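Beneath this line is the structure, given in structure tokens, with notes to follow.
The values are calculated or read from the model by the stated rules, or taken from the named source; none is laboratory data. These numbers come from a predicted model, not from an experiment. Reconstructed Cβ throughout: ideal geometry from the backbone, glycine too, with neighbour counts over all protein chains shown. SASA here: full protein model, heavy atoms, side chains in, ligands and nucleic acids out. Shrake-Rupley method; radii C 1.70, N 1.55, O 1.52, S 1.80 Å.
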Amino acid sequence: MSEEFRKALRTITYGLYVVTSRSEEGPVAAAVNFLTQTSFNPPLVVVALKRDSGLQRAVEGSRAFAVNVLAGDQKSLAADFFKPVRVEGNTLNGHPFTLSRTLGLPVLEESPAWFECQVVEKVDQGDHVIYVGKVVDGAVVRQVQRYLVMWDTGWYYGG
Ligand SMILES: Cc1cc2nc3c(=O)[nH]c(=O)nc-3n(C[C@H](O)[C@H](O)[C@H](O)COP(=O)(O)O)c2cc1C
């Protein structure tokens, strides 16, 4: 693909989230921007996960994932989830988590909102595997002025 195409693709606007799941070894998490809602009824969300990453393998196995929403001032928290996940006690990469009430997935205590999904479909194309998740639970934990968007971080993942 030409550099021009890539530049055009990089104009797509995104949020930035920490997606969590669980594997046989324990909790798994990564910062993810390929994520959006695609249906009201039933409430569906799609996420694209890097093939063979720890998170993709965990979602493939558990058929479930949680989305931890980040506030506008949580850029450094997002950056902590570009790295391989390290679990110490009740922390994931140094950030405390609890297990969600419905699917038992890790939810970051610092997240202002979260929701959790059961995988209902998979699209196996390209270098990221697309999972369609039905949202089964979620909550807004605290009000924030704004949510984290890729444009504000100066990072890009796309193109
Ligand atoms: C700005 C940015 C956005 C990212 N977005 C995604 C994404 O949408 N999907 C994904 O699977 N990984 C995404 N990643 C990569 C993950 O955060 C993480 O580095 C990767 O899943 C870890 O893979 P590993 O298990 O192979 O170490 C993104 C990374 C960066 C820096």
Tell me, what is the per residue accessible area of region 1-69 in Å², probe radius 1.4 Å? 54
If amide H atoms are built 1.01 Å from N in the plane of the peptide, which residues on other chains or at least 5 residues away come under 5 Å of the amide H of D137? E116
Tell me, what HN-Hα J-couplings in whole Hz come from the Karplus equation 6.51 cos²θ - 1.76 cosθ + 1.60 at θ = phi - 60° for each residue of region 102-107, using x for Gly and Pro? 9, 9, x, 9, x, 10
With every protein chain in place, region 9-159: carbon and sulfur % of accessible area (1.4 Å): 53
Could you tell me which chymotrypsin sites (Phe, Trp or Tyr not before Pro) in region 52-127 are loop residues by DSSP with no more than 14 other beta carbons within 10 angstrom of their beta carbon? F82
Under unit Cβ charges (Lys, Arg +1; Asp, Glu -1), what dipole magnitude, rounded to 20 debye, does region 1-121 have relative to its Cα centre? 220
Which far-off residues, 5 or more places away or on another chain, put their amide H under 5 Å from the one on K122, with H placed in the peptide plane? V132
Looking at region 88-143, which trypsin sites (Lys or Arg not before Pro) are in a loop (DSSP not H, G, I, E or B) and have at most 13 other Cβ atoms within 10 Å? R101, R142
Among all the lysines, which ones have a C-alpha under 30 Å from K134's C-alpha, if same-chain residues fewer than 8 places away are not counted? K50, K75, K83, K122
Just the accessible area for L92, please: 1.4 Å probe, Å², rounded to the nearest 10? 0
Expressed as cubic angstrom per residue, what is the convex hull volume of the alpha carbon set of the chain? 119
What does the charge count near D137 come to, summing +1 for each Lys or Arg and -1 for each Asp or Glu among other residues with Cβ under 14 Å from its Cβ? +1
What Kirkwood radius, in Å to one decimal, follows from the Cα pairs of region 98-147? 12.6
Ranking T13, T20, T91, T102 from most to least accessible area with a 1.4 Å probe gives T13, T102, T91, T20
Report the charge-dipole magnitude of region 79-146 in Debye, nearest 20, computed about the Cα centre from +1 at each Lys and Arg Cβ and -1 at each Asp and Glu Cβ. 160
Per-residue ³J(HN,Hα) for region 23-40, Karplus 6.51 cos²θ - 1.76 cosθ + 1.60, θ = phi - 60°, Hz, x for Gly and Pro: 10, 4, 7, x, x, 9, 7, 7, 7, 9, 10, 7, 8, 7, 6, 9, 7, 7
